[in-house]
Amino acid sequence: MLLTMLAACNSDAQRIRDINQAYATPSATTTPISAEIDSVEIQEGDCINSTLPEGVDIESVVIVPCPGAWQYRALNTFDITDADDYPGENYFLRLADEKCDRRYTFILFPLEESWTNRLSHYRTVTCLQESFGLSTTDPAKLDRLVDSGKLDIGECFNDAPETDGLLVEAVDCSGEWQYRILSRFEVVDSGRYPGEDHFDQPAYERCDKQYTRFLFPDADSWAIGDREVVCLQESFGLSTTDKAKLERLTSLAALDVGACFNETPEADYLLVEHVDCSGDWELQITDRFDVPGGDYPGEGYFERQASQKCEASWDYYFSPSPDSWAFGDRAITCAKEPDRAA
């Protein structure tokens, strides 16, 4: 369907935009008002109530004041200037990933008919933010919802279940948070989407040793060139209760022989707390050695290996899990308790 251009925005639409400009002031108020505008006339900052299909194949949308309830808000727009022939949907999606505000969830882009039609010759992509029902219930949270892939290393965030996992809630790391970005890296391009399990091993090998979770491309983002894995640190509720302890949590594999540590039930024992051996500690690493590969041998095998090869005094051993074994982990770590003799 070719776009039908309206002659100009009507006066109600301009009144709504005036209201939106005053929205930043505490005294801004609004009365029920809406106006129909051509979809290609959406401007940055406009809020609309419309069911939007992919692409701009609708003639009009309903613009409403942003202080009230709305479905989508136009965050920013950009023009396509480096393509003559119609480039296709994935091209627009790749550019949106680069140029849209990090809060965006939806784009309007030209369809081939409007791209090639000399009268419309439409070349603009509009980046839209979905309200998820928060435009009246929690507008402050709405402004914190962002694409997790756009967060910088060191930023913190919480899950945002109301977005069905499309976005996360960026929060201040000085307060309570669920996850912090530790690092990010790109995986080798293997052509077609390799499947979710493909990302486990590179995360295990390349993530910071404080990580317990990671984000990876899904099939849709892979199709537009996303190859990035994001390594996450969980707070385990310690971001406000014991920040110093949180910074001491690390993978046992990251500790050298002789290091002391405490176990961490609050982290489901995924990490340990690295502590100074001159103070109180629960366990000290006395030895570490690798065992041969092959199929996962089970705990009985690890126990026999520990009893034969752990040197000096030891009380416990830590062995590879089935998952870490699959990633190439072959290390058995021997540890002892402190000598509590009087």
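The rows are residues; the columns are (1) crowded, with 16+ Cβ neighbours inside 10 Å; (2) part of a loop (DSSP other than H, G, I, E, B).
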residue	(1), (2)
Ile63	yes, no
Ala69	no, yes
Thr77	yes, no
Asn90	no, no
Gly165	no, yes
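Just one of the listed residues (Gly133, Gly154) is within 30 Å of Ile33 (Cα to Cα), exposed (fewer than 15 other Cβ atoms within 10 Å of the Cβ) and among the small types (Gly, Ala, Ser), namely Gly133. The sole residue among Asp197, Asp164, Asp226 that is in contact with a Pro (Cβ under 6 Å, 6 or more places away or on another chain) and at pLDDT below 95 is Asp226. One residue stands out among those in region 228-260 that are in a strand (DSSP E or B) and more than 21 Å from Gly165 (Cα to Cα): the one that is farthest from the chain's Cα centre (by Cα), which is Cys260. Restricting attention to region 101-111, the residues that are out of contact with any helix residue (DSSP H, G or I) (no Cβ under 6 Å at 6 or more places or on another chain) and either more than 18 Å from Gly165 (Cβ to Cβ) or surrounded by fewer than 21 Cβ atoms within 10 Å (Cβ to Cβ) (or both) add up to 6. Of all residues in region 218-244, exactly one satisfies the criterion of being more than 23 Å from Glu186 (Cβ to Cβ), touching an Asp or Glu at 6+ places or on another chain (Cβ under 8 Å), surrounded by fewer than 16 Cβ atoms within 10 Å (Cβ to Cβ) and not polar (S, T, N, Q), namely Gly237. Among what's in region 185-227 and is touching a residue at least 60 places away in the same chain (Cβ under 8 Å) and either in the same structural domain as Leu255 (by TED's automatic domain parsing) or assigned to a loop (DSSP other than H, G, I, E, B) (or both), pick the residue that is farthest from Ala326 (Cα to Cα). So, considering only residues that are touching a residue at least 60 places away in the same chain (Cβ under 8 Å) and either in the same structural domain as Leu255 (by TED's automatic domain parsing) or assigned to a loop (DSSP other than H, G, I, E, B) (or both), the one farthest from Ala326 (Cα to Cα) is Ile224. Could you go through region 22-38 and let me know if any residue there is modelled with pLDDT of 80 or more, surrounded by fewer than 13 Cβ atoms within 10 Å (Cβ to Cβ), in the same structural domain as Thr116 (by TED's automatic domain parsing) and in a loop (DSSP other than H, G, I, E, B). No: zero hits.
Which of (1) in contact with a Phe, Trp or Tyr (Cβ under 8 Å, 6 or more places away or on another chain); (2) within 28 Å of Cys66 (Cα to Cα) does Glu89 not meet, given it meets every other one? Of the numbered conditions (1) in contact with a Phe, Trp or Tyr (Cβ under 8 Å, 6 or more places away or on another chain); (2) within 28 Å of Cys66 (Cα to Cα), the odd one out for Glu89 is (2).
For every residue, the table says whether it meets (1) closer than 27 Å to Tyr211 by Cβ; (2) of a type in the set (Val, Ile, Thr); (3) assigned to a loop (DSSP other than H, G, I, E, B).
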position	(1), (2), (3)
Trp281	yes, no, yes
Thr286	yes, yes, no
Trp314	no, no, yes
Pro320	yes, no, yes
Gly328	yes, no, yes
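Entry remark, region 303-327: residues being within 39 Å of the chain's Cα centre (by Cα) and either closer than 21 Å to Gly258 by Cα or among the β-branched types (Val, Ile, Thr) (or both) number 5 in total.
Scoring Ile332 on the criteria (1) aliphatic (A, V, I, L, M); (2) exposed (fewer than 14 other Cβ atoms within 10 Å of the Cβ); (3) not in a loop (DSSP other than H, G, I, E, B) leaves a single failure, condition (2).
Let's see how each residue does on (1) of a type in the set (A, V, I, L, M); (2) under 30 Å from Glu186 (Cβ atoms):
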| site | (1), (2) |
| --- | --- |
| Leu252 | yes, yes |
| Asp268 | no, yes |
| Ser278 | no, no |
| Ser307 | no, no |
| Phe318 | no, no |
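Restricting region 295-312 to residues that are closer than 18 Å to Glu337 by Cα and surrounded by fewer than 12 Cβ atoms within 10 Å (Cβ to Cβ) leaves a set whose member that is modelled with the highest pLDDT is Ser307.
Filtering region 288-312 to residues that are among the charged types (D, E, K, R), over 30 Å from Phe236 (Cα atoms) and either assigned to a loop (DSSP other than H, G, I, E, B) or in contact with a strand residue (DSSP E or B) (Cβ under 7 Å, 6 or more places away or on another chain) (or both) leaves Asp290, Asp295, Lys309, Glu311. Screening Tyr86 on (1) assigned to a strand (DSSP E or B); (2) over 19 Å from Asp218 (Cβ atoms) shows it passes everything except condition (1).
The values are calculated or read from the model by the stated rules, or taken from the named source; none is laboratory data. Given the structure is predicted, the values throughout are model-derived calculations rather than measurements. Using ideal geometry, Cβ is built from the backbone for each residue, glycine included, and neighbour counts are taken over all protein chains shown.
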